[in-house]
1. Does the stretch A:42-61 contain at least one residue that is of a type in the set (Asp, Glu), in a loop (DSSP other than H, G, I, E, B) and more than 14 Å from chain B (Cβ to nearest Cβ)?
2. Residues B:Ser46, B:Ser12, B:Ser70: which one is open to solvent by 40 Å² or more (accessible area, probe 1.4 Å) and not in a strand (DSSP E or B)?
3. Quick one: how many residues across the stretch A:75-89 are open to solvent by less than 40 Å² (accessible area, probe 1.4 Å) and more than 14 Å from chain B (Cβ to nearest Cβ)?
4. Go through the stretch B:25-43 and count every residue that is open to solvent by less than 40 Å² (accessible area, probe 1.4 Å) and in contact with a Ser or Thr (Cβ under 7 Å, 6 or more places away or on another chain).
5. Give just the number: which of (1) in a strand (DSSP E or B); (2) in contact (Cβ under 8 Å) with a residue 60 or more places away in the chain; (3) under 30 Å from A:Cys23 (Cα atoms) does B:Ile30 not satisfy?
6. I'd like to know if the stretch A:90-106 contains one or more residues that are within 30 Å of B:Ser28 (Cα to Cα), open to solvent by 80 Å² or more (accessible area, probe 1.4 Å) and in a strand (DSSP E or B).
7. Which one is farthest from B:Thr45 (Cα to Cα), of the residues in the stretch A:1-60 that are aromatic (Phe, Trp, Tyr) and open to solvent by 70 Å² or more (accessible area, probe 1.4 Å)?
8. How about the stretch B:60-112: which of its residues are within 14 Å of chain A (Cβ to nearest Cβ), at pLDDT 95 or above and more than 19 Å from A:Leu41 (Cα to Cα)?
Amino acid sequence: DVKVTQSSRYLVKRTGEKVFLECVQDMDHENMFWYRQDPGLGLRLIYFSYDVKMKEKGDIPEGYSVSREKKERFSLILESASTNQTSMYLCASSFGGAGPGDTQYFGPGTRLTVL
Amino acid sequence: KQEVTQIPAALSVPEGENLVLNCSFTDSAIYNLQWFRQDPGKGLTSLLLIQSSQREQTSGRLNASLDKSSGRSTLYIAASQPGDSATYLCAVLTGGGNKLTFGTGTQLKVEL
């Protein structure tokens, strides 16, 4: 079974703090993704990575950066957290064959609150 | 830009009822369509995946259909149970096979 783990289930941070969200997958997947989920807006893609040290902006990258130094680990960084970044953050990974049978496997999520 | 819409946003049914959740998408150039389940405060679990060349997929009491030309999919749940209570999300895979676009979900409650 594919396992995607996220470093924290719940985080509380203060405005202006630098925040790191970590994600690890154990299936040697090429692709990794960061989403945020907000009521009424659904899941929105922040960034994704298709290889080590490679990244692509998603639909809402502003205020975020990412790092992928190792294949199994993908980090989301909030350089200076703001209250509008309070959200559920979900990490996912996929094989990356880009075929019609490809699917993404999701972690349990991190509920981030910025005060 | 791909947009995915799910109707209804919320649904409450008595146990044992058969029900249908709807999903529509604006761009038919998709690799696949997936239905996910999300329990409160948790991540997503993939339920069914229909490839673009397929018409339907079945798993247990769940059946999902895809009409790519009209941009529609339905998820049929037979003999609903309280354990089916969750949010159901529809997503389409596009953009070179890397981009999943999600609907906002249908929140289902199955009552005893």
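The values are calculated or read from the model by the stated rules, or taken from the named source; none is laboratory data. Just so it is clear, the structure is predicted and the values come from calculations on it, not from any experiment. Using ideal geometry, Cβ is built from the backbone for each residue, glycine included, and neighbour counts are taken over all protein chains shown. The protein model used for the area step is the full one, side chains on, heavy atoms only, and it has no ligands, DNA or RNA in it. Shrake-Rupley method; radii C 1.70, N 1.55, O 1.52, S 1.80 Å.
1. Within the stretch A:42-61, not a single residue is of a type in the set (Asp, Glu), in a loop (DSSP other than H, G, I, E, B) and more than 14 Å from chain B (Cβ to nearest Cβ).
2. B:Ser70
3. Summing the residues that are open to solvent by less than 40 Å² (accessible area, probe 1.4 Å) and more than 14 Å from chain B (Cβ to nearest Cβ) in the stretch A:75-89 gives 7.
4. Qualifying residue count, the stretch B:25-43: 6.
5. (1)
6. yes
7. The residue in question is A:Phe20.
8. B:Ala64, B:Leu66 - these are the residues of the stretch B:60-112 that are within 14 Å of chain A (Cβ to nearest Cβ), at pLDDT 95 or above and more than 19 Å from A:Leu41 (Cα to Cα).
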